[in-house]
Each structure stands twice: as C-alpha cells, then as structure tokens.
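Working notes for the structure below.
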Amino acid sequence: GGDDSGDTAEGNGSGVELVNDGTLTTCTSLPYPPFQEQDDSGEIVGFDVDMIDIVAQDLGVEQEIIDVDFAQIKNGAALNAGKCDIAAAGMTITEERKENLGFSVPYFDETLAVVAKQGSDVTGLDDVESQNLTLGVQADTTSLDYATSEGFKPQVFRHAGLQVQAMQAGKVDVVLQDLPTVLDWLKNKEDIAADWEVVDKVDTGDQYGYAVKKGNTELLDQLNESLKQAFEDGSWAESYEKWIGEAPEKTPTGTESGS
Amino acid sequence: MTTDTTVTEAGPAPRARLSPRKRKKISLAIQYAVFLVVIVTLAFVADWAAIQHAFFNLDEARKAFPDILAVGLKNTIIYTLSGYILGFFLGLVVALMRLSDVLPYRAIALAYIEIFRGLPAIVVFMILGFGVPIAFQDYEMPYDPYGTVALALGLVSAAYLAETFRAGIEAVPKGQTEAARSLGMSQGRAMFTVIVPQAIRIVIPPLTNELILLFKDSSLVFVIGFTLSGYELFKFGESLSTRTGNSTPLIVAGLLYLCLTVPLGYLVRKLEAKQKRGRV
Amino acid sequence: MTTDTTVTEAGPAPRARLSPRKRKKISLAIQYAVFLVVIVTLAFVADWAAIQHAFFNLDEARKAFPDILAVGLKNTIIYTLSGYILGFFLGLVVALMRLSDVLPYRAIALAYIEIFRGLPAIVVFMILGFGVPIAFQDYEMPYDPYGTVALALGLVSAAYLAETFRAGIEAVPKGQTEAARSLGMSQGRAMFTVIVPQAIRIVIPPLTNELILLFKDSSLVFVIGFTLSGYELFKFGESLSTRTGNSTPLIVAGLLYLCLTVPLGYLVRKLEAKQKRGRV
Amino acid sequence: MTHAVQVTGLHKSFGDLEVLKGIDVTVEQGQVICIIGPSGSGKSTLLRCVNLLEQPTAGQVFVSGTELTDIDVDIDAARRKLGMVFQQFNLFGHMSVLDNVTIAQRRVLKRSKAEAAKVGMRNLEKVGVAEKAEQYPAQLSGGQQQRVAIARALSMDPDVMLFDEPTSALDPELVGDVLTVMRQLADEGMTMLVVTHEMQFAREVADTVLFMDEGVVVEQGPPAQVIGSPRHERTKSFLHRVLNPTHVEEAASP
Amino acid sequence: MTHAVQVTGLHKSFGDLEVLKGIDVTVEQGQVICIIGPSGSGKSTLLRCVNLLEQPTAGQVFVSGTELTDIDVDIDAARRKLGMVFQQFNLFGHMSVLDNVTIAQRRVLKRSKAEAAKVGMRNLEKVGVAEKAEQYPAQLSGGQQQRVAIARALSMDPDVMLFDEPTSALDPELVGDVLTVMRQLADEGMTMLVVTHEMQFAREVADTVLFMDEGVVVEQGPPAQVIGSPRHERTKSFLHRVLNPTHVEEAASP
Ligand SMILES: Nc1ncnc2c1ncn2[C@@H]1O[C@H](COP(=O)(O)OP(=O)(O)OP(=O)(O)O)[C@@H](O)[C@H]1O
Ligand SMILES: Nc1ncnc2c1ncn2[C@@H]1O[C@H](COP(=O)(O)OP(=O)(O)OP(=O)(O)O)[C@@H](O)[C@H]1O
Ligand SMILES: [Mg+2]
Ligand SMILES: [Mg+2]
C-alpha cells in the first residue's frame, strides 16, 4: 500500500520541511488506475504510489495519500492550501500548470486513447461530430483541454471512476482518457472489456510529472534526485512493467527539467 | 416627562444601586467599546491585501462575466425551476396518498417521504446519475441530462413539498370542515370549496422556502456530469476558480446565490408576518 | 348500532343517490384496484434481476462491511457532532448578538445569518477548504482536516441554530417576562430564571432537526479532500461504488444515513407532539 | 305527528371514555330547548351527534322523521335541515361575508347567484350586519362574526337550529347583540337546541331547560322549575356556582 | 399622608394611537377600586402603566410615596410593592406550583428556601390550592391556575394588588372560586385595583367604581352611584348592554 515503506525512521536528515512531520503527504485524485487506485483490500496502490514511496523512503518518512478532485491538484490549490507536499496524479506537465506548480522531471510519456463501443464505426474523434455522439472526458484534464481546443463539447466527469461508470451506464458514446488508464479498465473491468475498444491514440508529445508547491526547491530537488535514482537503478522500469503490463520502450533520462 | 420633576412625596425610596437607565447606559458603552476593539484589532491583524487578492479580485471577477450569468446562473435557474415543477406535482400526489384511506398508499407515501428527506441529496443524485442508468441500460432518460437533473431535484423536493401540502391541509382548523359539512356540503365539496383555498394560502411561505432550498441543492447536480455549457452556478464558479487558482469566481457565484436566496427569504418572512396578522 | 334497525318513522327521507357509506365503499374498492394494477404492472415490467444486481447486491454489500461502519459511519458521526458542537456555541453567540441593543452587533449577526443560510453548503466548504488556506498561508488550522471540517459544518449550522435560539426565546409568551418583572425580577434575572429554561424546551425539536440536516450536509465535506481513513459515509460508498461499478455500496451508505436521520426525525415529531399537548 | 328532533338511547364513547350514556330528548316544532351543565358533561357532544358531526356509538337520531343514524340515508341532504352555530364562529376566512352566506346555497341547494344573494342579504339584515356584506371575517368583531354565522345557517332554510355556546367566545358587551338575534329567532317560531351558560337567556327564552352532567340528562323541565327550583343536588350546586360567583362557599374547595 | 397609589396626568400613546388621555386616580390604603369600561378603552394599559410594564408617555405614578416614573428610581425594587394578576394567569410553565410562588421570594427578596416555602404554602392555603403545590400549571384548571397566580403575587407581600380581568379567561363555573378569593383579600384590607367585567363583584366589593371610555375616566364614585344610577350617557349605555344582554335595543346596530 501507500505507507508500507519499510523505513520508519523519525524525521529526515535532508532539511526538507513537510506539512505533517514524519509523513510525506501526497495529493491524488482517486481512482486513476494504474497510477493510483484502491485494490481489493482497500489499499491505495499504483505506479505513482510506488514512485512516491521511493521518495518517502529516501526522506526517511512514510507516504500518506489524500484524495482531492483533480481540479484542486492541477491548479496548485491543494498544495498551496497546505493539504499535501507532493501532487502525484498521472498529471501532464503543461505550460499553464507550470505557473502554479513546481514540476519534477518527467517520468512518463502521455498518450491519449479514444475509446468507443465495439462494433460502432467510430474510428477517431472526428466521428464524434459527424455522428453526433456524446464524448466523455474527465474534468480539468488535458483530455478536456484537448477536446475543447478541437471544438468538442464533451460531457465532463469529476473523476475517472465516474467516467467509467458513465461508460457502463451508456451515458457516453466515446471517451477520451489517458491510455494507461484505459488499458487498465480493459484489463480489469469485464463489462468494459466486453463492450469497448481503443479505436485511436493521440500522441500529444507531453509528459507526466510530479509536482510540489511552487518555490519548494528543497523538496523538488529531493524528488528529482530520487526519481533519477529510480530511473537508473531499474526500479522505475520494474514498476512500469508491473503496472502498465509491458516493458517500457525507453527509460526517462531525468535530464529535461519539468519546472 | 422631564427629568427634573421634583419628587415631592418621595418616601424612603428604594433608590439603592444604579438606576436601570444608568446601568443600561454603562452596559451599552461597554458593548460598543468591545465592538470597536475587535474591529480595530481585525483591521490591523488581518492581511487585507491577501484577502482582497484571493476573494475580491476585481480582475478575476470581471473574467467571470458575462458567462457566469449566461451559463451558470441560467442553468441554476433552469435546473431548479424544472425540478421544482416536477417536485410540486409529485409532492401533491404523495400528499394525497399520505392522506388517503387506502393503507398501502399511505405506507408508500410515508416511506417515500422518510427516505427522501433522510438521504443527503448528493446520494440521490449519484444513484440517479450513475446507478440507475447502469442498471437500466436500455432505458434512456428523455432530455438528458436536463431530464435527470429535473428528476433528481424533483424527487428530493417532492418529499418536502408533500409534507408541506399535508401540513397546510391539516393547518386549516377542523371547525372549517365541520361548518361546511353542517351546511350540507359533502366531504369532497368541503375539501375543494373551503379547505384547499385556505390551505394554499397557508403553504405559500413554506413553498417559497423550499424553492430556496432547491436553489441550494441544485449546486450538487454537478456530480451527475455535464458538458461545460451545462455547468450551473457552483460548478461554473468552482471550475473557473480552479483554473485560475483564485477564489474570486467562487465568491461571485456565492453572491449570485445570495441574489436568489436572500430576496426570496425576505419574501417568505413578509408573507409569514402578513399571514400571522391576518389570522381569522 | 345494528344495520337492520327498522325505520319506524321514516318520512319522505332524502335517500336519493348513493348513501355515503356505499359511495365510500366503491371509492375504496376502486383505489385498491388501481393499486393492485400498478403493482402487478411493475412486477412484470421492471427488470428485477437488474435492480437487485445493481442496487441490492449482497456480495457487494458484504464487501462494504465492516469498513463502512468503522470508517464511513464513524467519520460521518465525528464530523457532524464536532460541527454541531461548534455551531451550537457560535449560534448562541450570533443569537445573542441578534437580540443585542447594539446596532453593529445586530447588523453583523443578521448578515451572518443571511449569508450562511443563503449559500449552498458546498460553496462554503470549497471556500473554506481551499480559498482560505491559500489566502492565509501562514496560518495553520489546528487539527486539520478535522478542524476545517468542524469549522465548515459549524459555520453553516450556526446560522440555522442562531435563528432557532432566537425564535425559541421569542416563542416564550411575553406574559412570562411580564409576570417575572412584576414580581420584581430584573430583565436579566427574568431572562435566566423564566425565559431561557422555557425557550430550551421549545427549541429541542428544531435543534434535533438541525442535527439531521447537518448529518446530510456532512456528505459534502469530501470536497475538502481526505485520506482514505477520513472518508465519511457518502465518499466511502461512492468510492467503493466507482471501484466496483456497482451501486450497492452507495445504497448501503444511503441506508446508514437513514439509520441516523429517520429515528432522529421520529424523535423530533414525538417531541413536537408532546410539546403541543403540554402547552400551558 | 313527527317530532322536530328525536334522540333515543344515544350513546357516544371516545375510545374508553363514555361521554354520553344514553340520552333521550324530544324537541317539538317551534320549541326552544336550552342545555346547561358543567364543562365536560357532554353538551357539545350531544349537539354534534344530532347532526352527525360525531358518529353515535349507539342510539337513534330522527330529524323531521328522517333517521339520520340510518346507514343508508343521504347524510348531506339530511343535514341541510339542521343549521349549526359554533362557539368559534367558523366563518370561512377566505370569503367575504356575502360569499359565506351564499356559497352553500349555490353549491348545495343549486340556487342561482342572484337568488342566493337575495336570501343571504335578507338574513344578514335580519341579524343586523347587512352593511358588512363585502367585508372579510377578519375585519369583523366577534359578535358580528357570530351573527354572520347565524345568517349563514339560516340561509339554508333549516327546520332546526343548533347553537353550541354561541356567546362564550365573545367580549361581554358583544354578547347582547347575539342573544337578541337568537331571541328574535325564537319569537319567530324557529325550533332551537341551544347549549348555553347564559342563564338569563335560558330562563326567558327556553320552553324546556335540560341539565346534563357526566353524560346523562339529570333533570329537564320548564326553566322556572329547573333553574328556579331545581330538585337534584347536582343541579342545585351547579346553578349556585354559576349564578352567585362571588358567594362560593369556601375557596378552599379546589 | 401618602396615598397607596397616585396617578397624575397619565398619558400613553402607542405610536400615533393615544390610548390614555390624561388619567388621574388616587387609591387610599385598604381601598378597592374597580375599573370598568368597554373593550379597548385603555383599562389594561392604565394598570400596566401603574407598575410600569408600559412606560407612560407623560404623567407621574406614585406608589406609597415613591415616584415610579422617576428615571432614577430602582424600578425592580419599587415594583415589588405591586402585585399583579393577569388575565392569562402567566404562571411559569416549567416550574411546580410551589416553585412558582417561591422563586421570586428567593431570588428577589433573598428569603431562604424554607422561609419562602412557608410563606408560599400559607398563601396557597389562603387561595385554596395548597394540595396542588407539587403539580405543574398545565395540570391545573384555569381557576386553580389563577388562584396560584394570586398566591404568587401575595407571597411578595405587596402593598397593592393589581388585577387585570382575572376571571375573563375562565369557564363560568370557575369564576366563583377566584372572585371569592378576591373578596376575601378585600375583606382583609388589601389595597386593590381591579379591572373587571363582573358587575356583581364590583357592586358588592368595590369602594370606588371607575368607568373608563376612550382613554379617559368618564365617571367615578361609589358602586351604587356609578353602576346603580350612572349619570353619563356612555356609562348608561355600557351598563345596559352588559347587564341586560338579552334586551339589547335593536340587533340592527352593528
Ligand atoms: N374528539 C374527542 N376525542 C376524545 N374526547 C373527546 C372528544 N370530544 C370531546 N371529548 C371529551 O368528551 C367529554 C365531553 O366533551 P364536551 O365537549 O361534549 O363537553 P361540554 O359539555 O361541551 O363541555 P364545555 O362546556 O367545556 O364545552 C370531555 O371529557 C371531552 O374531553
Ligand atoms: N402594545 C401595544 N401596541 C399598540 N397598541 C396597543 C398596545 N397595547 C394596547 N394597545 C391598544 O390600546 C388600546 C387600549 O388597549 P387596552 O388593552 O388598554 O384596552 P382594555 O380597555 O384593556 O380592553 P379589553 O377589555 O379588551 O382588555 C386598544 O386600542 C389597543 O389596541
Ligand atoms: Mg362544549
Ligand atoms: Mg384589557
């Protein structure tokens, strides 16, 4: 789970100030598989959880996860409001978000997936307009930005869990969502796998990053250092394979700076 | 009366202590002093610049207009009114069932009222927005999402409205029915000639009050999921706030809610006061 | 009375039409028939398997326990009670300010009440959960997030509680104060010996009612953001529902809300009825 | 010959509480009967059983020969023969005075608007409140309201008028106006059944006074007899208390 | 010698409505004054001005020589000399009968619990409701409640008792008990100012009867004179209406 990092040493020697002593508090928006979601026992697990556990371990503290709407994460509100130290939510690095957040080095390449009902003749987002279909996206995500910039009027859901429920409910015809999340649905949700398929992928060229409160350089440095370590010692790749289901094509270098 | 009246016959007057008037003056003075101290302290301690920047940022407020009116306020009003109309008729039916002679009707009405008054509105909205469509894949709600919103708000308000209607009918004094019956009117005739017209007057204030509550409840329909053009006041303000990281749009949305609810609340109190005065 | 009484003196009796008793019988029969038809139609038309699977799925319900009690219900109760206690004292202060002789106090109290009764609770929660901490970075809310939750629910309920206290004091008949004053009691003494004890009895039912409302409002604190162990009933049910794609946990959460609100509502009505009977 | 009102063996219980324990009363055409008795003795219940506002538990009620307690009778039609005036007036608050006196004529007797208004105005004049026809009940004094209530009942052309303490909700000064109207009705030959505490009225107007206590008729007869020289102890003590309020034996009796 | 109560040039307005238009009344030690007059004439307002439950607009009120209208007087202390009994009893509903009669003794006069109970019980016995001491007001009849209210006022050892229609909220049968207690008080020499509609009581008990109408004292004098042979037209017509309710001239007068 999120707090099972073995090292329970009190405090940390790196001089990093945390909102709650002894814990590295992470804001995320549940559920967002495979980056973070509750497993059957109710523990929060996922790729991001593993990564931040590494950071916590390096700090000598435990990770604690707070569930907030993604909107409050991507605009920095959750961090600025002192709810957490790190935002880890499969979040894309964008110029706009950089104004409010201090991003880490990128750790994941973003790809969006267009999902449609099996057997429909939808082949891409273009069919949404021509066939007058309902497009469903998650609130405040780059998917929404992308869809609106392309002139769509999508239906917006507070979190990915409601989005997938809307698919099950037949309230949407086409869904735009990050590929790893979609793949996780298709892998783990029988009714989704039975009815839906990925019909198109959109490579945005963007990347995911973790974020700290703007100006919190101590923590950002530690974060970047821990990530680089993970890239180098193979623990990043190990987690990637565990959660994405296949080995990564390439490992991030940790050189291009996020913020 | 002047204060310098000579007390010609003053006996051993109980003049002890402070006179009530003096006591009152001193107490008032102390209270004003406390008030001033608090105000001055606040003025120095609070970070007014930060407050103004975060909550009353004119630039941010300007950005919210006119869309917050054309989209947010408009949708809030549409959702609320459509829910209210649905709830009104559903509530009437439930109230009649509640007063029916047929036990199963009474039981169903009672269960309905208890359930929908006891559940948080957001639970109802979630079940209606996601649970029901998942369970009934084939059935499509007409005019979705407006249909779902109207239904959700209607179901919630119907329980309150039903109780209001029933209370209104029961608030008409029994003597009114008795007088009507003793003039040879049948039960039904007495109901519609004498009871219902008086019940309607009685229920107008609580009915208005429930409209206020529904305006507030409509802030929760966002959980059902909307297109941007379907955002109501709260979601509009919240989404703008989260986009800019500044709370001003949320404050603007809040002020617009107050523009709806405060005058209605004032109206309710006016009507109630008028009703109290006009009692037979 | 037996039905076969011989009408010895029956004159030109107005026996026309149907007797009321016969009319009533027929009308009742029709109503029961309608009820049966509706029930039977529903039984055939509705997809009971789907309903049961989606909403009353025992397997899914079992998964929710015991955590929904140990976490969700527990937190709902903690949040609500802490908010209520805070709101109670804040409400008392506001009520006293509302009844004060000092105009600024009255004005502030009135504004407070109007604002917090007019705003949807979720707007208050958002502003308190994000707007305020961002504007005041240096200030830290003690016992966060519980502190913020208690404050949010407390602020919202205080407005209602203040109005309840005021109404309670004003509901004590003026004659009570007059009797006390005419016995030589001062205004303050009369207030605390005669008015307040009676006002408390009057306000117990509405106070309980506001506890019910607060239980429901507590379903909105999720917007402030929580750890899993801080989830209250609604968020717990919703999160489990979205994880499994089945609405049963949400229904379970709803039922638990009803377990809190329905008995309290019943208590309120009992107290109100008792009060009505016991009026002096 | 049929009696105006005949009540035989009337019993009425509310749950376990037996309020009327076998009442027999006969009222002839044109008679005025005053019912007196202590609070809670069942006077109102008796009157309400006569026009079936309360369903008797046992016994029969005949009005002009029609048995109202017959389950097959059209009670709405039968009740029209009985005008009732209540202690609390019970005027319809949402209607003008004229509407109050015409609504039942038009809806129940199906009279035309004009005819109903004619009858209504005649009765309003009779009770002396014709000039208030356009006002609403809330604008009238208690005495005026009660007189409107009488006019309303009269407008249905009842055979019998029932009065349940018509003056006890009135200020003392306003009592006289209402009693005067009732006296006038009696003089015109209206059959009346009156529950009242106004002993002077009973003495002067009633043909028969009926003293009730604890659900039974203790004593009945001409007023001179029942009020003037009561035979029963209960009647005596009741009358003593009501007629000489300042000379009650010992205050110590609770 | 100081008068028990002296009211001079008393005016009272509610907003634009002038309710009392210059009242002068003097009550000597041990006197009983009955105030009669039509509804709305200002009787209650006068009584309430005497113990300053209403603040007079102009004029002075002296009780045992202390000017109550003096702004520097300790009104709570001065008011203790005046016992007041209200039409609606106004017993404290949340307290037992005994607590009702002891609470002010203990809190205001600072009597010990035992002493207050002794005084209270003595007065409850005097008004004949001692056996109800442990009950609550809601369990008592109206007449009993009113007698408790009298005992409560007496327990403060007032110099003067004020009564505002103490029997008009009572069932006719219960009126007697309360009037008997009042008569007894008068016999014992209590100074009393009584607003009442009970003419028989006024005639028998009052030293002076005072007829008020429209905010002025129209006529005052011994009961035999004011009630027996009133001089003013207004007094005559009022008394005629109240004393002969069944013989009002013409009902047609609204
Ligand atoms: N609807 C009812 N349900 C239960 N008890 C009732 C009902 N109506 C009357 N009673 C009881 O029946 C008894 C007789 O009541 P009723 O009103 O007939 O007395 P009354 O002689 O008219 O007295 P009053 O002079 O006070 O009007 C009382 O004990 C009363 O409490
Ligand atoms: N607090 C008040 N505010 C405004 N008007 C009042 C107030 N109290 C009394 N009045 C008015 O003053 C007038 C006299 O009232 P008051 O109660 O003294 O009359 P009263 O002689 O006692 O009549 P009643 O016999 O009905 O008790 C009435 O017109 C009344 O409406
Ligand atoms: Mg009665
Ligand atoms: Mg008065």
Open item on the list: I need the semi-axes of the equivalent ellipsoid of chain D: take the C-alpha gyration tensor, multiply each eigenvalue by 5, square-root it, list largest first in whole angstrom.
Closed with: 30, 23, 16
- [ ] Can you pull a Stokes-Einstein diffusion coefficient for the stretch E:113-155 at 25 °C (0.890 mPa s), Rh from Kirkwood over Cα pairs, as a whole number of µm²/s?
- [x] 241
TODO: Please provide three numbers in whole Å: the alpha-carbon extents of the stretch A:92-248 along the principal axes, with the largest listed first.
DONE: 50, 32, 24
- [ ] Obtain the radius of gyration and the Kirkwood radius of the stretch C:49-111 from its C-alpha atoms and give Rg over Rh.
- [x] 1.43
Open item on the list: Check the protein assembly as shown for me: any Cys whose beta-carbon has no other cysteine beta-carbon within less than 4.7 Å?
Closed with: B:CYS259, C:CYS259, D:CYS34, D:CYS49, E:CYS34, E:CYS49
TODO: Quick one, could you list the DSSP H helices from chain C stretching 18 Å or more along their long axis (Cα atoms) with average Kyte-Doolittle hydropathy of -1.0 or above?
DONE: C:20-45, C:74-98, C:103-118, C:146-171, C:196-217, C:248-277
TODO: Please work out the FRET efficiency for the pair E:ARG231 and E:ASP207, using the Cβ-Cβ distance as r and a Förster radius of 22 Å; give the result to the nearest 0.05.
DONE: 0.75
Task: Rounded tilt (10° steps) of D:142-154 against the dominant C-alpha axis of chain D - done: 70
Task: Peptide-level mean, for D:62-68, of C-beta atoms on other protein chains within 10 Å - done: 5
- [ ] Treating the angle as unsigned and between 0 and 90°, give the value, to the nearest 10°, between the Cα long axis of helix D:97-107 and the longest Cα principal axis of chain D.
- [x] 80
Task: Inter-chain Cβ neighbour average for residues C:39-47, partner chain, 10 Å - done: 1
Open item on the list: Students often get this wrong, so check it: of C:LYS24/D:LYS12; C:LYS276/D:LYS43; A:LYS228/C:LYS235; A:LYS201/C:LYS63; B:LYS174/B:LYS216, which have C-alpha atoms separated by over 29 Å?
Closed with: A:LYS228/C:LYS235; A:LYS201/C:LYS63; B:LYS174/B:LYS216
TODO: Could you work out the per residue convex hull volume over the alpha carbons of chain C, in cubic angstrom?
DONE: 273
Task: Of C:THR227, C:THR244, C:THR148, the one that fluctuates the most in a GNM where chain C has Cα springs shorter than 10 Å - done: C:THR227
- [ ] Could you run the Karplus curve 6.51 cos²θ - 1.76 cosθ + 1.60 with θ = phi - 60° over the stretch E:62-73 and give me ³J(HN,Hα) per residue in whole Hz, x for Gly and Pro?
- [x] 10, 10, 6, x, 8, 7, 6, 7, 5, 5, 9, 6
Open item on the list: Translational diffusion coefficient of the stretch C:165-239 at 10 °C, 1.306 mPa s, Stokes-Einstein with Kirkwood Rh over Cα pairs, in µm²/s as a whole number.
Closed with: 104
Open item on the list: Testing the spin-label approximation: label points 7 Å from Cα along Cα→Cβ at C:LEU69 and A:THR217. State their distance in nm.
Closed with: 5.5
Task: Cα-projected label distance for A:THR111 with B:TYR266, points at 7 Å along beta-carbon direction, nm - done: 6.1
- [ ] Give me the Kirkwood hydrodynamic radius of the stretch B:50-175, using the inverse of the mean 1/r over all pairs of distinct Cα atoms, in Å to one decimal.
- [x] 17.1
TODO: With a Förster radius of 56 Å, plug the Cβ-Cβ distance of C:ILE30 and E:LYS118 into 1/(1 + (r/R0)^6) and report the FRET value to the nearest 0.05.
DONE: 0.20
Open item on the list: Using a Cα-Cα cut-off of under 19 Å, which lysines could be cross-linked to E:LYS118, ignoring same-chain neighbours fewer than 8 residues away?
Closed with: E:LYS110, E:LYS126, E:LYS132
Open item on the list: With just the Cα atoms defining each centre, how far is the stretch A:113-130 from the stretch D:50-78? Give it in Å.
Closed with: 77
- [ ] Rounding to the nearest 20 debye, state how big the charge dipole of the stretch C:60-279 is about its Cα centre with +1 on each Lys and Arg Cβ and -1 on each Asp and Glu Cβ.
- [x] 1040
Task: Label-reachable residues, the stretch B:101-136, where backbone N falls under 14 Å from a point 7 Å from C:ALA46's Cα toward its Cβ - done: B:108-109, B:111-112, B:132, B:135-136
- [ ] Please identify every one of the trypsin sites (Lys or Arg not before Pro) in the stretch C:193-280 that sits in a loop by DSSP and has no more than 12 other beta carbons within 10 Å of its own beta carbon.
- [x] C:ARG279
Open item on the list: Given all pairs of different Cα atoms, what value in angstroms does the Kirkwood hydrodynamic radius of the stretch E:30-102 take?
Closed with: 14.4
Open item on the list: Could you identify which residue out of E:VAL85, E:VAL61, E:VAL25 has the top mean-square fluctuation in a GNM of chain E using Cα springs shorter than 10 Å?
Closed with: E:VAL25
Task: P(r) tail fraction, the stretch A:171-259 - alpha-carbon pairs more than 16 Å apart, % - done: 66
TODO: Find how many whole Å separate the alpha carbon centroid of the stretch C:100-119 from the alpha carbon centroid of the stretch B:204-280.
DONE: 19
TODO: Evaluate peptide D:81-93: per residue, the Cβ atoms of other protein chains within 10 Å of its Cβ; return the mean as an integer.
DONE: 5
- [ ] When you have a sec, figure out the Kirkwood radius of the protein assembly as shown from all distinct Cα pair distances and drop it here in Å to one decimal?
- [x] 36.9
TODO: Compare C:PHE44, C:PHE56, C:PHE215 in a GNM of chain C, Cα atoms joined below 10 Å, and give the one with the largest fluctuation.
DONE: C:PHE44
- [ ] Kindly express, to the nearest 10 degrees and within the range 0 to 90, the angle between helix A:235-244's C-alpha long axis and the longest C-alpha principal axis of chain A.
- [x] 30
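No value in this document is a laboratory result; all are computed from the given coordinates. Remember, it's a predicted structure, so these values are computed and weren't measured experimentally. Methodologically, a virtual Cβ is constructed for each residue, glycine included, from the backbone with ideal geometry; neighbour enumeration extends over all protein chains shown.
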